[in-house]
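K.L.:
Handing you a structure now.
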Amino acid sequence: MTAELVRGQNHPLSRVRLEIRISAQTPVLAGATLGDEHGTVPGAQWVAHPGVPVMPGVEVSRQAAENHRLAVDLAALPESVHRLSVLLALPTPQGGGPPRFGAVAAPRAAVTGPDGTEIARFTLTGLDAESAVVALEVYRRQDAWKVRAVGQGYAGGLAALFADQGLPEAGELATRVEQAAGRGDATPAPHPRDTPAIAAPQEASKAPEAQPAQPVAGDAAGWSMEERLYNQVWGMFEDLARCTAAYRGAVDFAGSRLEKELDQVLADPRARLGTAGDAAREAARSRHTELVGRARAALDRDLAQLTAEAEVVEPALPQACARWESPVWHAYRVPDEPPMALRLGDLHLPESASLRIPMLVRLPLERPLWIDSGPVAEPGGTVLDSATSRRLALETAVSLAVRLLAVHPAGQFSVRVIDPAGAGAEALAPLTRAGALEGRPATAAADAAEVLGRLAHRVDLTRMAVRGGAAEALPHDAGSGRQLLIVNDFPYGFDDRAVTQLRYLADEGPAVGVHLLLVADRADAEAHGPLLDPLWRSLMRLTPVPDDHLTDPWVGHAWTYEPVLAPPGSGILRRVLTEVADARTKRE
C-alpha cells in the first residue's frame, strides 16, 4: 500500500532502484544534491541538474517540465553519500511563468519502483513565496535507506537552497542551473530507465529486497568509535524529532479535515438532520480515526526502531556520555585523554516518554551553564519550595562538576566555587571532603572578588599570549588546564564590578579554558535590570527536575530535559572523586 506522507514523515525503502516522479501544473526544474551524514553538499560536482543530468546513482531531466522522472540507484551512490535531496525550482519568471509556488497548485512527488509501483507519495502543501523547495530526502541510517517528506521552501530560490546545504558559490551555481535548463528546452529528456549510466551492477539487481537493518552501536560516520557514537546519538535525536513532527502534523491534518467535513454537514440543510446527517458525521469520524490510526502506526514503527537502536547504543557509550549507573563508571579509572563530548542529561517527548535520547555537548564547553534554582514543578505537578529547589539545583551542579573532573586527565581540570551566602555547604560536601576543589569555597565578598579577579587576569593573559603567538610563555601563576567556576545563589553578594567581571568570563572565558556554571533564580537578579540580559541569553539553561524548556534545531519541539544524577543511595560520586583525588596527589 502506498504511504501518504506528511511533512517530516519518513518511510523505509526496501528497494535500491527507484524512480522519483514529480508532477506540477507549471514547468519546474528538477535536480538532486548528494550530501554527507550532516546533509552538507561538498561542492557543485555533487549536484545533478539540467546541465549535469547524470551522476553516479542518479539521473535527472535536462529541461523544465510539468512532469519529471528522476532515476535513483542507491547501490551506485558513492560510499560517502548519506543523503540525496530532491529539489524543485521555478524557472526565472522572465518567460511569463509564476514567480512563486504559492501561485500554482501544490506539486506532488512520488517514490516508485522501476515498474511504477508506488511506495510513497507527498503533496507539497503550504508553500507561498518560495520559488525553490527541497521536496524529498532519501537518507541512509544503519545501512538501511528511508525517504522523508521535507517540503522546505526558499523564497530566495535556488541560491538560498544551495547556500543552506553548505555549497560554496551558491549564487553562481543557481545561475548555471537555470541557464542550462534554458538551453535544454528543445532537447527531449530521455526516459531515465533508458539510460545505462546508473544501472546497478548485475549482482545488485539480482539481490533480494533489503530488510530493516539490525541496530549496531557506532553505525555512523566518524574517525573514532567515540565520534561515531556521538554522531549516531544526534541522528537518533533528529529522527525522533522528525517522526514526531510527522505524527503531530498528521493528527492536526486529520482534526482540521474532520472539522471541515462536520461544518459541511451543518451547512447543508438536507444533510443536517435525519439518518443522512448521522451517516455523514459517522463517516467523517471514521476517516478521522483511520488517519490518526495510520499516523500512530507509523510513529510506533519508528519508535520501535529507535528504541532498539537506543538499547544497543546506551551500553556502548563512553564514561563521559554514559549514565552514572552504567557499568563503565563502576570500573572507573582516570583517563589519559579528555573526551570529545559530555552528557548533560536526557531528552524525551510526550509521545515517546520511555525513549530517552542522551543530551550530548561537545567539549570544551562553548556556552556557560545555568542550573535554574527558581520555582519548578515536579512531574506530578507539585511546586517545589524555594529551599528544596535551590538544594536540588546545587546538587545537579555538583554532579556535573564531578563528571567534568572525572573525564579529564589528572591535573587538566579544576573546580572553584563562589558561595557568597555559604548556603551550599551540604551540597558541596562531596567536593570539599574529597579535596577536589581548587581552594575552599569563597564565601566572603573579598574572597569572591579575589577569585573573579584571578580568573579574569588569566583570561586577559591567555588571550594576549594567543594573539601574540606566545602561549608557551605564559607565567606559571596564569594556570594551566581548564577551570570551572561554580557560582551559587547568583547574584547574591555581587556588586556591579563583580557582575561585569562575570559577564567578561562568560563571554571570553570558554575560548581560553575558563567555564562558568551558575546556580541562580533569575527573579533574584531583577534589581540589576537589563544589565544582566546579555548574560542570561548566553547561558544554557538546565533544571534540577524534568522540565520541557529545550527545543531542537529541526522542527522546534519542546523537549523534556532530565538532569544526569547518580541513583539515590549510590556511592558512585564518592568513589569517582576518590580516584580523581588519588590521581592528582600522585601527579603532584
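K.L.:
Express the carbon and sulfur contribution to the solvent-accessible surface of the chain as a percent, rounded to the nearest whole number, probe 1.4 angstrom.
P.N.:
Details: 13960 of 26970 Å².
The value for the chain is 52 percent carbon and sulfur by accessible area.
K.L.:
From the residues 422, 165, 509, which one has its Cα farthest along the dipole of the chain in the positive direction, the dipole being from +1 and -1 charges on Cβ of Lys/Arg and Asp/Glu about the Cα centre?
P.N.:
It is 165.
K.L.:
I've got another one for you. How would 225, 340 line up by accessible area, probe 1.4 Å, largest first?
P.N.:
Details: 225 90, 340 30 Å².
Highest to lowest solvent-accessible surface, that is 225, 340.
K.L.:
Moving on. Can you say what percent of the DSSP beta bridges in the chain, counting only those with both residues inside, are antiparallel? Round to 5.
P.N.:
Bridges in the chain that DSSP calls antiparallel: roughly 75 percent.
K.L.:
Below 8 Å, C-alpha to C-alpha, sequence gap of six or more: please give me the relative contact order for segment 376-432 in percent. Mind dumping the intermediate values first?
P.N.:
Details: 22 pairs, mean separation 20.4, N = 57.
Answer for segment 376-432 is 36 percent.
K.L.:
Once Lys and Arg get +1 and Asp and Glu get -1 on their Cβ, which of 448, 317, 262 lies farthest toward the positive end of the dipole of the chain?
P.N.:
Farthest towards the positive end: 262.
K.L.:
Continuing with this model, one more query. At 1.4 Å probe size, with every protein chain present, just tell me what the per residue accessible area of segment 435-588 comes to in Å². Display every interim value, and only then the final one.
P.N.:
Numbers: 7700 Å² over 154 residues.
Dividing the accessible area of segment 435-588 by its residue count gives 50 Å².
K.L.:
Per residue, what accessible area does segment 117-168 have, given a 1.4 Å probe and all protein chains present, in Å²? List each step's numbers first, then the result.
P.N.:
Working: 1760 Å² over 52 residues.
Computed with neighbouring chains in place, this is 34 Å² per residue.
K.L.:
Taking only DSSP H segments of four or more residues, each worth -39500 (n - 2.57), what value at 222 nm results for the chain once the sum is divided by all its residues, to the nearest 500 deg cm²/dmol? If you can, show how the numbers build up before the last one.
P.N.:
Working: 13 runs with 205 residues, N = 588.
Value at 222 nm, helices only: -11500 deg cm²/dmol.
K.L.:
Using heavy-atom solvent-accessible surface (probe 1.4 Å) with all chains present, what is the largest-first order of 146, 260, 586? Kindly include the intermediate steps, with their values, before the conclusion.
P.N.:
Values: 146 35, 260 130, 586 175 Å².
So the residues, ranked largest to smallest area, are 586, 260, 146.
K.L.:
Above 46 angstrom, tally the Cα pairs of the chain and express them as a % of all pairs, no decimals. Working shown, then result.
P.N.:
Details: 53358 of 172578 pairs.
Pairs farther apart than 46 Å: 31 percent.
K.L.:
Here's something else I'd like to know. Residue 297 label point, 7 Å along Cα→Cβ, cut-off 16 Å on backbone N: hits in segment 110-139?
P.N.:
119-121
K.L.:
When ranked by the protection proxy of mean other Cβ atoms within 10 Å per residue, highest first, what sequence do the peptides 250-259, 3-12 form? Write down the numbers at each step before the final one.
P.N.:
Working: 250-259: 15.9, 3-12: 21.7.
Averaged packing, sorted descending, gives the order 3-12, 250-259.
K.L.:
So how strong a dipole does the chain carry about its Cα centre when Lys and Arg Cβ are +1 and Asp and Glu Cβ are -1, to the nearest 20 debye? Kindly include the intermediate steps, with their values, before the conclusion.
P.N.:
Working: 58 positive and 74 negative charges, 117 e Å.
The calculated dipole for the chain is roughly 560 debye.
The values are calculated or read from the model by the stated rules, or taken from the named source; none is laboratory data. Please read all numbers here as calculations on a predicted model, not as lab measurements. Please note: Cβ atoms are built from the backbone with ideal geometry, for glycine as well, and neighbour counts cover all protein chains shown. These accessible areas exclude ligands, DNA and RNA; they are computed on the full protein's heavy atoms, side chains included. Shrake-Rupley method; radii C 1.70, N 1.55, O 1.52, S 1.80 Å.
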